[in-house]
Each structure stands twice: as structure tokens, then as C-alpha cells.
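Notes follow once the structure below has been shown.
The values are calculated or read from the model by the stated rules, or taken from the named source; none is laboratory data. Being a predicted model, the structure only gives us computed values, none of them experimental. Backbone-built Cβ (ideal geometry, glycine too); neighbour counts: all protein chains shown. Just so you know, the surface numbers come from the protein's heavy atoms only, side chains and all, with ligands and any DNA or RNA stripped out. Shrake-Rupley method; radii C 1.70, N 1.55, O 1.52, S 1.80 Å.
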Amino acid sequence: MDDNPKHYAIDGSFGGVFQWGLGNGGSLTIEAAVGPSVVWGEAEHFYGKVHVDDDHGHEDDHDHHDEHAEHDHDDDHHARRRLSREDDHDHHDDHDDHHDEHAEDDHHEHAEHAHDEHGHGDPELKRTDVRGFVSVRYAPNDRLSLTVDWLPYYVTKDQGDDIQGLKNELGAEVVWALGDGDVDFALGDGLENILEGVFLSVMHRQGWESDGTWMGNYTDPRLGVGFNIDQINVTIDAGPRFYTPGSYSGLSQRTDFAGEVEVSIPVGDAVLFAHWKPTYSPDDSPGWGEGWQHHLGTGVTFSF
């Protein structure tokens with residue numbers, strides 16, 4: 001939030017979605033994917049990471065720290081979840097499948113930082129890293145699902161504050177759809193039908209840097225709604241983020257606000273999508289700052 005740093009990445013991934021139908025409308029889904037991540041600035045990192053200078057105190061060093069945008073679920077993660085939702089359309093409603101996308105990452109935020117002794121400004125093209133994704137989702141019925149995932153990210157070389165090695169993020173999410181999810185304003189549904197698209201979710205995530213440092217964890221309880229306008233699917237959710245930073249930062253626990261607005265539309269065998277993930281921090285923590293940060297992502301998924 002200080003000096004408005006900007007970070008970018010372009011990700012490509014190749015993966016598969018494998019699903020088994022179970023009794024009573026349930027299913028078990030396994031997904032995996034891997035691919036390059038072209039980095040402008042800094043490697044993707046876990047939510048809330050701050051730069052800590054060893055030769056300064058946290059309070060005195062406030063203006064020299066870099067705050068970072070939310071990691072979450074990266075755009076390729078959202079794209080892969082689109083594959084799952086398209087394949088699973090006959091078994092699950094759109095908004096329930098959409099929420100599988102939040103395992104991560106959202107997720108996985110592409111928060112890369114241009115570094116010149118923590119310098120801000122336009123990020124420079126740095127290198128190509130490698131990201132992966134493994135997810136297992138169990139749905140006992142069409143309204144309840146449990147997802148666990150692992151998001152590895154390999155930094156290909158030492159550069160700035162990035163250390164060559166494997167970053168890791170683990171997550172779990174429960175989604176409960178309160179309605180049947182069949183809300184389509186193009187077919188005559190009105191606002192009185194919107195409750196059919198309401199859902200509750202709880203997501204927990206933890207992250208480690210490539211040198212093994214524990215970055216912290218957060219838990220997101222969210223209230224959301226999903227609906228369609230003909231072929232266009234829209235999902236909106238929001239809620240508090242209970243964030244515990246790693247001990248490396250010297251920061252205390254805090255409660256932030258996180259949300260997401262996502263739009264997707266199928267075009268032939270492809271799905272186009274875009275999302276906006278705002279996060280608000282009320283605590284002016286050293287190296288972080290009070291105010292809004294934003295993640296904007298867009299992409300396309302091709303299904304074979």
C-alpha cells in the first residue's frame with residue numbers, strides 16, 4: 001500500500017481432472033497441474049509476507065518494508081477449477097463448483113515485486129519459475145464439499161529477496177450451499193430467488209518460504225452468492241480474514257477483510273474468466289500498512 005508497488009505474472013499450466021461418482025449424488029475429484037510462471041518483480045508468496053531488515057527495528061524500519069498483495073489462489077488455479085466445474089456440471093451447481101476455486105488460493109496471488117533494495121515502481125521481467133497444484137475434493141452430496149490442496153512453487157534462482165527452492169502452501173476448505181444453486185436471471189428468476197444461490201464457506205491456509213520459514217496462516221469464513229445471466233456465471237463472496245503472521249515478521253495477529261468477485265463465460269471448448277480480490281487491513285502494521293490492496297486476474301482455460 002506504500003508507494004503503490006505493482007507485481008505481475010503470466011502462468012500457463014497443463015493438468016488433468018479425474019472424477020468418480022459415488023452414491024447419493026456424491027463424488028470424489030482429484031486434480032493436478034504444473035506449468036511455468038513468468039515473473040515480473042518477485043516470486044509469488046503467501047499472504048501477508050513482509051520484508052524484514054535484520055539491522056533495523058520493526059518500528060524504525062516501517063518506510064523501508066514492502067507490503068504485498070494477497071496470494072491466493074493464482075489465476076491458473078482458477079482456470080483449472082473451471083475445468084472441474086465444466087466436467088462436473090451435471091452433478092453440481094455452478095456456485096458450489098466455483099467455490100472449489102478458493103482452495104488456494106485462490107485463489108494464489110501473483111504478487112511479484114520489483115526490487116532495487118526494496119525499490120518500488122514498475123516491475124521488471126525477472127525469470128520463469130514453476131508452479132504446481134494438487135487437489136482432492138470429496139462431495140457427499142450436491143450441497144456440501146470438502147477440499148484439501150497443496151500448492152508448490154519453485155523459484156528457479158536467487159534474485160533479490162527470492163531464494164532458490166520450493167515454496168509450499170497447504171489449504172483446506174468446506175463449502176455448504178444453502179440452496180440448489182439454480183439461479184438464472186435470463187430465465188426469469190428474480191431477486192426473490194437469490195437465496196437459492198447463497199452459500200457458506202470456511203477456508204484455512206498455511207504457507208512456507210523456499211528457505212523453510214513459516215509465513216503464517218489465515219482462516220476465511222465467507223458468505224457468498226452465485227448466479228447466472230444466461231451463459232455468464234457470477235460469484236461474489238466476502239468475510240473476515242483471521243490472519244496469524246509467522247514469528248519471523250515480529251507482527252501480531254490481526255483481522256483483515258477479504259472478498260472476491262468473479263465472472264466466467266464458456267466460449268466453445270474454452271472458458272474465459274476474470275476476478276477481482278480486494279483485501280482491507282485496518283491495522284497499520286510495520287511493513288504492511290493500513291488500507292486496501294487489490295489482485296486482478298484474467299485468463300482462459302481450454303478443455304481437451
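Brief remarks follow.
- Extension gain, Val202-Phe185: 0.36 nm per intervening residue step, less the Cα-Cα distance, totals 3.4 nm.
- In this structure Trp20 has an accessible area near 130 Å², from a 1.4 Å probe over the protein heavy atoms.
- Each residue was assigned an accessible area with a 1.4 Å probe, and for Ile236 the value is about 70 Å².
- Centre-to-centre separation between the Cα atoms of the range 234-299 and those of the range 137-206: 13 Å.
- Averaged over residues, the count of other Cβ atoms within 10 Å places the peptides 36-45, 240-249, 157-166 in the sequence 36-45, 240-249, 157-166, highest first.
- For Phe304 and Phe257, a Förster radius of 41 Å and the Cβ-Cβ distance give a FRET efficiency of 0.60, rounded to the nearest 0.05.
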